[in-house]
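The values are calculated or read from the model by the stated rules, or taken from the named source; none is laboratory data. Since this is a predicted model, take the numbers as computed values, not measurements. For neighbour counting, all protein chains shown are included, and Cβ atoms are generated from backbone atoms with ideal geometry for every residue, glycine included. Just so you know, the surface numbers come from the protein's heavy atoms only, side chains and all, with ligands and any DNA or RNA stripped out. Shrake-Rupley method; radii C 1.70, N 1.55, O 1.52, S 1.80 Å.
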Amino acid sequence: DVLGDFAATKISPEHEVRMATGLMTLFATSKRDGWYQGGYSSMLIVFLQLYDWGGRLSGKFGVDCVSSNLVPVFSSHLAKYAPLLRDRYFFENVSTGLVVLGATFMTPIMKGNKQAPMDYNVAKAVYFGLFEYLVDLCDCNEGRLAKPLEGLLKILGSTAILPATKKAIRTREKEIRARIDRVKERLPYLFSCMATIEKIVDIAMTRGSDEEQPEESKENQDLTCEFCYEKCIKGTTRKCPFCKSIVYCSSDCLQLNWMLHQKSCILLRKYPAPTTKEQINEDGKAIFTRFLQKILLQASLKGFSILFCFVVVDMAESTPLLRTLTPEQFFQSYMLEEEVVQKSKETFERNKDDGALTVSFVGFTEEGLSVSVLTFPSDVAPLHLGPSVREAIDTERWSAAQREVSGKSFQPGMLQKIQANPKLWQASLLQTMKP
C-alpha cells in the first residue's frame, strides 16, 4: 500500500514524473551536479530499498526488468564522468551501482504470480549491454573498482551455464568480443577483471554434449576482405582499429576502405556516442590541462623530447587515452587524408622550430573520425612546475617543463624497478596512459 501511494505521488514539484517510472527517469535524465557529488549513490540506495520493500513487483515500477533498465543508466553515467578527475564520489557512485545491479540479479523480480529465475534478469541485462559496460569499467583502470566488480562477476559467472544467459551472451558475442579487443589494445586496464569477463564469455560459448553443434565455427570460416572481397590469408588479416568488427586482407585495403566505413564504424562501436568537433576540442583541452604532468612524464619515459612528438588525447573510447607519438606512429594510428597529413606535417615542423607543442584531439563525430592538430606555444607552458621553467627562455619552456617533471618523478632506482618487471613496464607510461 505504501508503494502504491508513492506511485501516485509526484517525486517533487519540479519533476513531472511519478514513482512508477520516476526514479529511473531521474537517474537517466538529471543534469544536476548533486547526482555526481554523492546524491546519485544515495538515490540508488533508496531505489534498492523500495525495490526490495515492494516485494520486487516490476509492475509497480513500470519496468519489465529492473536490471536491464539500470545498465544504460549506469553506462551513461560512466561515459559522463570517467574522463573527469576521479574523486571519492566517482568511486562511491560506480561501486554503489555495481552493488545495486548485483542485488537486482540476486533478488529476482516478480512476473505475474511467479518468481522469475535469476538468469532471466542477467540475460535481459546482457541484451541491454551489460558486458560492454563492465568492459568499459575495466578500461577505466580504476583499481578501487576491482573488488566490487569482481563481486558482480562472481554472480555472472554462476549464471553463465544457465540457458537464458548462455543464449544472450551467444547472441551478443561479436559486440562483446569487439569491445574486449579494443580495450586490450589500450593498456593499462583492470587485467584480472578482464580475464574473468573473457572466461565467462568462453563458458557461455562452450556447447555441451546435448547441444547441437554449429556446422562451422567462426574461427574456421573463410574470412572475406570488406574492400576487395578476396579471402583473407592468415598473418596479413587486419581489423578496423576502432570497431574491431570489420576484417581486411591487408593494411592497404583497410586504408582504402576507411572513408566508406567511417559512418558504419560509429554504429558498430555504439559507445561512446558521437559528438561535435568543437566539443571534442573543448573536452580535449580540459583533459590536456588536467593531466599535463602525466603527458610530460610519458614522453620522458619513452626518451622523447616533448617538442619532437605528437601529444594525442584520444577520446574515441569511454576512457580518454593520453599518447605521445612520433610523426610516423601518429600517421599510422589515425587514417587521415593526404591533404590533412601534409598540413599536419607542416604544422609539426613549424612548431619544432618555434618551441611550440603539437597536440591532437581525437574523437568521433556523426561524420566519422575527427582528428584536430593544434599548436600550444611556449608562452602557455606550465610555469607553476618550478623555477627552471620560469627562468627558461621562451623557446625552451616546454623542454624545461619536461625536465622539471621527470627530475621530480625519477627518484633513485624507480625507473629500474619498473623496467625489471616486464608486465608492469608494458602497462606503464611507456606505451599509453589514461587519466
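Do we find that L321 is under 30 Å from G129 (Cβ atoms) and touching a strand residue (DSSP E or B) at 6+ places or on another chain (Cβ under 6 Å) in this structure? Yes: the conditions hold for L321.
Under the condition of being of a type outside the set (K, R) and closer than 17 Å to V313 by Cα, the residues counted in segment 78-94 number 6. Among the residues of segment 144-156, those that are open to solvent by 10 Å² or more (accessible area, probe 1.4 Å), under 17 Å from T104 (Cβ atoms) and in contact with a helix residue (DSSP H, G or I) (Cβ under 6 Å, 6 or more places away or on another chain) comprise P148, I155.
Among residues of segment 297-312 that are within 15 Å of P435 (Cα to Cα), those with a beta-carbon under 8 Å from a residue that is of a type outside the set (G, A, S) and modelled with pLDDT under 90 at least six positions away or on a different chain give the pairs L297/V405; L297/L429; Q298/L429; Q298/L430; Q298/M433. For segment 245-269: of the residues being under 17 Å from V362 (Cβ atoms) and touching a Phe, Trp or Tyr at 6+ places or on another chain (Cβ under 7 Å), which is surrounded by the fewest Cβ atoms within 10 Å (Cβ to Cβ)? Within segment 245-269, the match that is surrounded by the fewest Cβ atoms within 10 Å (Cβ to Cβ) is I266. L156 satisfies every condition listed in (1) in contact with a strand residue (DSSP E or B) (Cβ under 9 Å, 6 or more places away or on another chain); (2) assigned to a helix (DSSP H, G or I) except (1). Every test in (1) open to solvent by 10 Å² or more (accessible area, probe 1.4 Å); (2) out of contact with any Leu (no Cβ under 7 Å at 6 or more places or on another chain) is passed by K302 save one, and that test is (2). Name every residue in segment 157-178 that is farther than 22 Å from K244 by Cβ, open to solvent by 20 Å² or more (accessible area, probe 1.4 Å) and touching a helix residue (DSSP H, G or I) at 6+ places or on another chain (Cβ under 8 Å), in order of residue number. If the condition is that a residue be farther than 22 Å from K244 by Cβ, open to solvent by 20 Å² or more (accessible area, probe 1.4 Å) and touching a helix residue (DSSP H, G or I) at 6+ places or on another chain (Cβ under 8 Å), then G157, I161, L162, P163, A164, K166, K167 are the ones that fit.
Can you find, within segment 115-153, the residue that is nearest to the chain's Cα centre (by Cα) among those that are outside any helix (DSSP H, G or I) and either at pLDDT 90 or above or within 17 Å of M194 (Cβ to Cβ) (or both)? Top of the filtered list is N141. Looking at segment 181-191, can you tell me whether even one residue there is assigned to a helix (DSSP H, G or I), open to solvent by less than 20 Å² (accessible area, probe 1.4 Å), under 21 Å from L48 (Cα atoms) and modelled with pLDDT of 90 or more? Checked against the condition, which is being assigned to a helix (DSSP H, G or I), open to solvent by less than 20 Å² (accessible area, probe 1.4 Å), under 21 Å from L48 (Cα atoms) and modelled with pLDDT of 90 or more, segment 181-191 yields no hits at all. Among the residues of segment 407-435, those identified as surrounded by 16 or more Cβ atoms within 10 Å (Cβ to Cβ) and at pLDDT 70 or above are S409, M433, K434, P435.
Table: residues versus (1) surrounded by fewer than 17 Cβ atoms within 10 Å (Cβ to Cβ); (2) of a type in the set (G, A, S).
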site: K294; (1), (2): yes, no
site: V311; (1), (2): no, no
site: D314; (1), (2): no, no
site: L321; (1), (2): no, no
site: S344; (1), (2): no, yes
site: A356; (1), (2): no, yes
site: V362; (1), (2): no, no
site: H384; (1), (2): yes, no
site: S388; (1), (2): yes, yes
